[in-house]
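*Asks:* First the structure, which I've put down as structure tokens, then a few questions once you've had a look.
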Amino acid sequence: MLMGLPLSDRSQAADALERRDLDRLLAAVSALLPEIYGDTEACRQAKMEFDTVVELEGANSLECKRAALLFALAREKEVGLHLARTAEAAGSEDDRRLVEDLRRRVLPFVFPRFLRNLCQTPDSMVVLSCVLAEMWAGDPLGNYGAAGAAGAAGAAGAAGAAGAAHHQSAEAVL
């Protein structure tokens, strides 16, 4: 879903199916936000923005929707856990590994640059994420090499027990 179909296989019908799947996931992220952050002004604003992305139509809407999903994947661990479990349940070990690689290696490298540039090029960010995930799979990126993986593993272990109960309620929303 991140990369879409190969260019030779794309059609309007395929784009409509992909748009529907992305809309479903983004609507689930929008519904998840109040579960995580409560009913605050900032949460209502974020929810409104995600709902606006769901309603996007047009030539570049798929890239914007992919970028929003990557943003949610980078910022909300529950989204990553849900996508990894969905891939695992579907028997797609490659998709599960892609989600983990994006969360732990690629997005921590890409997103500070994307945010620093005021999120003005979502299509470039999606392409860069895909290229780094596919062409340089497993290669250290910036400070997120072996030391970053060890630090992430330690942090994940410490946070895992504390976040398990919270994840169960978030999983019900997704």
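*Asks:* Which of the residues belonging to region 38-70 are at pLDDT below 90 and of a type in the set (Ser, Thr, Tyr)?
*Replies:* Within region 38-70, just SER61 meets the criteria.
*Asks:* While we're here: Tell me the residue from ARG113, ARG103 that is among the basic types (Lys, Arg), in a helix (DSSP H, G or I), farther than 23 Å from VAL54 by Cα and out of contact with any Phe, Trp or Tyr (no Cβ under 6 Å at 6 or more places or on another chain), please.
*Replies:* On the way: ARG103 fails: farther than 23 Å from VAL54 by Cα.
Exactly one residue qualifies, and that residue is ARG113.
*Asks:* Something else about it: Looking for whichever is part of a helix (DSSP H, G or I), on the phi < 0 side of the Ramachandran plot, touching a Gly at 6+ places or on another chain (Cβ under 7 Å) and among the aliphatic types (A, V, I, L, M) here; the options are LEU69, LEU73. Which one fits?
*Replies:* Numbers: LEU69 fails: touching a Gly at 6+ places or on another chain (Cβ under 7 Å).
Just one listed residue meets the conditions, LEU73.
*Asks:* Being closer than 16 Å to ARG24 by Cα and hydrophobic (A, V, I, L, M, F, W, C) narrows it down to one of VAL54, VAL127, VAL106, so name that one.
*Replies:* Details: VAL127 fails: closer than 16 Å to ARG24 by Cα; VAL106 fails: closer than 16 Å to ARG24 by Cα.
None of the others qualify; the one that does is VAL54.
The values are calculated or read from the model by the stated rules, or taken from the named source; none is laboratory data. Since this is a predicted model, take the numbers as computed values, not measurements. For neighbour counting, all protein chains shown are included, and Cβ atoms are generated from backbone atoms with ideal geometry for every residue, glycine included.
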